Amino acid sequence: MRPKLFLLFICVIGLIGCLPEQEPVTVTRPIVVTEMPTEVSVSTAVPPTNTPLPTATQVAAATATPTTIPLPTSTPEPAWPTTPILFVRDNILHRWLPQTNEVELLAERVDSFRVYAPDIAVFMREVVPQETYALIVFHIPTQTEVEIVRLPAVKDFNPNSGVTSFVPPLKNAVTVSPNSKWIGFVSENDDMLSLTLHELVFENSVVDARQLLSIPTDIRKDSSIYLAYFSWNQENQLSWSTGSGIWELDLANDSVEPKIIIQPSLNTYNHPGSVDENGDYLPVRTRLSTYRWSPDGRYLIAREAAYEGGAFRIIERETDRTVVIPDAYYGAYSDALIWITNDSFIQFNLNGTITHWQVQTEEPFSLAEITSFQFERGFFDNLSQISGNHIRFSYSLLSGPATSWIYDLNFETGEFTKLSSDLESREIVVYWTPNNEEILWQPTNGPSTSIFYDSLDGQASVNLDEVLGTDSCCWSWERTSSE
């Protein structure tokens, strides 16, 4: 980096970063630490069939060659984030205020399972060593917390070492609604799992919880909880999938009884792990799981699992009518899809084809291609709609250099704008700011476990290790209920 620019960095932002251009920049910045309050107020408290699939109908389709807008040729000064960042270090929940460079200590004894929703953080706290954990909801604006439930630790036996350890319960079996109104966790009930839900109430600067009845889920205790695929199709509607179909719990309904809203698949495939006495493969039913609900909850993009991969389907909730999305596949690397309106979505195919589809409700139930664009072959992920006609996404090379980028697509004009520098990882997790103007990103493979900031103005990413700590984790932009 040129000396003049190096001096300019010191004068403007007080950091030292001298890596080659287009590589993440490591910075050092003085940190002001604010101690947490000495006392924290605590309140205790359709089925798919084996008939031939409908073909997609092409209506007013147009294929355009993408126009890529180049990065700025000038070198603007690096900028710091404009939104506070939540993170955990040394089992303490912190908040970094970038504009004042202050780090606040919010909550101690944050031992495991950290999840964020607007205004709250949810985590497990060990209250009796190797015996008991508490599920805690921490209200960030008032810095008060409520203990939802206490659960016994789980014994974890390692057959290789012969050592038994005690680990937190629940793992990924906790779900929080997008509006921070509901929190649910899964517990054992005989041979099945039950979902216990609490309504979170914020009154007089205190957070409290009201317990609801335990909800049966039809999930066997010995099944992997990851198969449940809990998702919120609306703020008060929670859905999950089992072998008996896709269930929904409508929390705005006084009955609070789950019901099957999409019937299980009747399709089969020959499973290589299931054979008869002659060694021939036996048919096994495919399984449906939720991927993305349309904004109004009428349609579901569902995965149809068959062994180590499968297809994507559109299913109409009220009728169980269904159609396979053409050339849409998921597996080790998968297509990416996002709803644009209540009845149209965009599919990013691994071969680089990006297609805007419209759901056709007349018989036969089908899809119509509105338009399509051709990009380079690769892996698309981390989709986010920023306006009526713009989608932002990450794009990664499937072979060659382990590199990713952030792009913006205007799907009305076919213009692609590269927003980021080279992000050195085959796959990345992207955390969008509420306005989608900046990102935190994290490599999901390779040696790096750092978190990076990218202002999406073409400048090199900034490694935040020196700001948040090399042993930090569980990062998130702070989101408020007003956003």
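Using the Cα atoms as the points, what is the convex hull volume per residue of the stretch 83-194 in Å³?
135
Solvent-accessible area of residue 155, probe 1.4 Å, all protein chains present, reported in Å² to the nearest ten, please.
150
Could you give the dipole magnitude of the stretch 285-331 about its Cα centre, charging the beta-carbon of Lys and Arg +1 and that of Asp and Glu -1, in debye to the nearest 20? Before the final figure, lay out the partial values.
Values: 8 positive and 7 negative charges, 21 e Å.
It comes to approximately 100 debye.
Is there a quick way to get the dipole size of the stretch 348-483? I mean about its Cα centre, with the Cβ of Lys and Arg at +1 and of Asp and Glu at -1; what is the value in debye to the nearest 20?
On the way: 5 positive and 20 negative charges, 53 e Å.
Dipole size: approximately 260 debye.
What are the ³J(HN,Hα) couplings of the stretch 365-370, residue after residue, when phi is run through the Karplus curve with 6.51, -1.76, 1.60 and θ = phi - 60°? Round to Hz, x for glycine and proline.
Each residue of the stretch 365-370 in turn: 4, 7, 10, 10, 7, 7 Hz.
To the nearest whole percent, what portion of all C-alpha pairs in the stretch 274-347 is separated by more than 22 angstrom? Could you put the intermediate results ahead of the total?
Numbers: 817 of 2701 pairs.
It works out to 30 percent of all Cα pairs.
The values are calculated or read from the model by the stated rules, or taken from the named source; none is laboratory data. From a predicted model like this one, the values you see are computed outputs, not experimental measurements. As a convention, Cβ positions derive from the backbone with ideal geometry for all residues, glycine included, and neighbour counts pool all protein chains shown. Surface areas here come from the heavy atoms of the whole protein model, side chains and all, with no ligands, DNA or RNA. Shrake-Rupley method; radii C 1.70, N 1.55, O 1.52, S 1.80 Å.
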